[in-house]
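Peer 1: Take a look at this one; I'll ask things after.
The values are calculated or read from the model by the stated rules, or taken from the named source; none is laboratory data. The structure displayed is predicted, hence computed values, not measured ones. All Cβ positions, glycine included, derive from the backbone under ideal geometry; neighbour counts span all protein chains shown. SASA here: full protein model, heavy atoms, side chains in, ligands and nucleic acids out. Shrake-Rupley method; radii C 1.70, N 1.55, O 1.52, S 1.80 Å.
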Amino acid sequence: QVQLVESGGGLVQPGGSLRLSCETSRTIFSSDAMAWYRQAPGKQRELVAIITSNRSATYASSVKGRFTMSTDFARNTVYLQMNSLKPEDTAVYYCNHKTWGGNYWGQGTQVTVSS
């Protein structure tokens, strides 16, 4: 069983920044993908950013230019640097580890953008 632990969420004012971290208990192999999703109240879960086997990140249009996803393979950890945060970024953010053997989720971390 793969376990993912997220951290770094919180309350921030509009225009502020946060960095989310997600440590996975499984080695991130070259065939794996790591992703961040988010779910706002009353809305479906949506993909925010993903790093696949080509090791480049792809972003949702709503966060492109503001969010940056990165990976520390030595620590089996992925990060999501979020800048210029907007109230509409408020959501529970989930880390996801996609492997050949399954699709694993973290417990989620709350991000609230409000003045």
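Peer 1: Please name all residue pairs, on different chains or six or more residues apart, with Cβ atoms under 6 Å, provided the first residue is in the stretch 11-24 and is under 13 Å from ASN96 (Cβ atoms) and the second residue is of a type outside the set (A, V, I, L, M, F, W, C).
Peer 2: LEU20/GLY8; LEU20/TYR93; CYS22/GLU6; CYS22/GLY106; THR24/ASN76; THR24/HIS97
Peer 1: Among what's in the stretch 101-114 and is open to solvent by 40 Å² or more (accessible area, probe 1.4 Å) and part of a strand (DSSP E or B), pick the residue that is nearest to PRO14 (Cα to Cα).
Peer 2: By that ranking, first place goes to THR112.
Peer 1: Something else about it: What are the pairs, 6+ residues apart or on separate chains, where a residue within the stretch 41-56 that is open to solvent by 90 Å² or more (accessible area, probe 1.4 Å) has its Cβ under 9 Å from a residue that is in a loop (DSSP other than H, G, I, E, B)?
Peer 2: PRO41/THR90
Peer 1: What pairs come up if the first residue lies in the stretch 58-74 and is farther than 17 Å from MET34 by Cα, the second is part of a loop (DSSP other than H, G, I, E, B), and their beta carbons are under 7 Å apart, counting only those six or more places apart or on different chains?
Peer 2: ARG66/ASN83; ARG66/SER84
Peer 1: Still on this structure, I have one more. Could you pull out every one of the strands (runs of 3 or more DSSP E) wholly within the stretch 1-100 that has 2 or more residues that are more than 14 Å from the chain's Cα centre (by Cα)? Reasoning before the result, please.
Peer 2: Numbers: elements: 4-7, 10-12, 18-24, 33-39, 46-51, 57-59, 67-72, 77-82, 91-99.
Once the strands (runs of 3 or more DSSP E) in the stretch 1-100 are filtered for at least 2 residues that are more than 14 Å from the chain's Cα centre (by Cα), what remains is 10-12.
Peer 1: Looking for whichever is among the acidic types (Asp, Glu) and either at pLDDT below 95 or in contact with a helix residue (DSSP H, G or I) (Cβ under 6 Å, 6 or more places away or on another chain) (or both) here; the options are ASP89, ASP72. Which one fits?
Peer 2: Details: ASP89 fails: either at pLDDT below 95 or in contact with a helix residue (DSSP H, G or I) (Cβ under 6 Å, 6 or more places away or on another chain) (or both).
Of the residues listed, the single one that is among the acidic types (Asp, Glu) and either at pLDDT below 95 or in contact with a helix residue (DSSP H, G or I) (Cβ under 6 Å, 6 or more places away or on another chain) (or both) is ASP72.
Peer 1: Now for a different question. Look through SER70, SER21 and report the one residue that is loosely packed, with under 15 Cβ neighbours inside 10 Å and either at negative phi or among the polar types (S, T, N, Q) (or both).
Peer 2: Numbers: SER21 fails: loosely packed, with under 15 Cβ neighbours inside 10 Å.
That would be SER70, the only listed residue that is loosely packed, with under 15 Cβ neighbours inside 10 Å and either at negative phi or among the polar types (S, T, N, Q) (or both).
Peer 1: Related question: Restricting attention to the stretch 1-16, and to residues there that are polar (S, T, N, Q) and open to solvent by 70 Å² or more (accessible area, probe 1.4 Å), which single residue is modelled with the lowest pLDDT?
Peer 2: So in the stretch 1-16, the residues polar (S, T, N, Q) come out as 1, 3, 7, 13.
Still in the running and open to solvent by 70 Å² or more (accessible area, probe 1.4 Å): 1, 3, 13.
Values: GLN1: 85, GLN3: 95, GLN13: 98.
Residue satisfying both the conditions and the ranking: GLN1.
Peer 1: Sticking with this structure for a sec: For the subset of the stretch 73-100 comprising residues that are within 20 Å of SER53 (Cα to Cα) and out of contact with any strand residue (DSSP E or B) (no Cβ under 6 Å at 6 or more places or on another chain), which member is most open to solvent (accessible area, probe 1.4 Å)?
Peer 2: For the stretch 73-100, the residue satisfying everything is TRP100.
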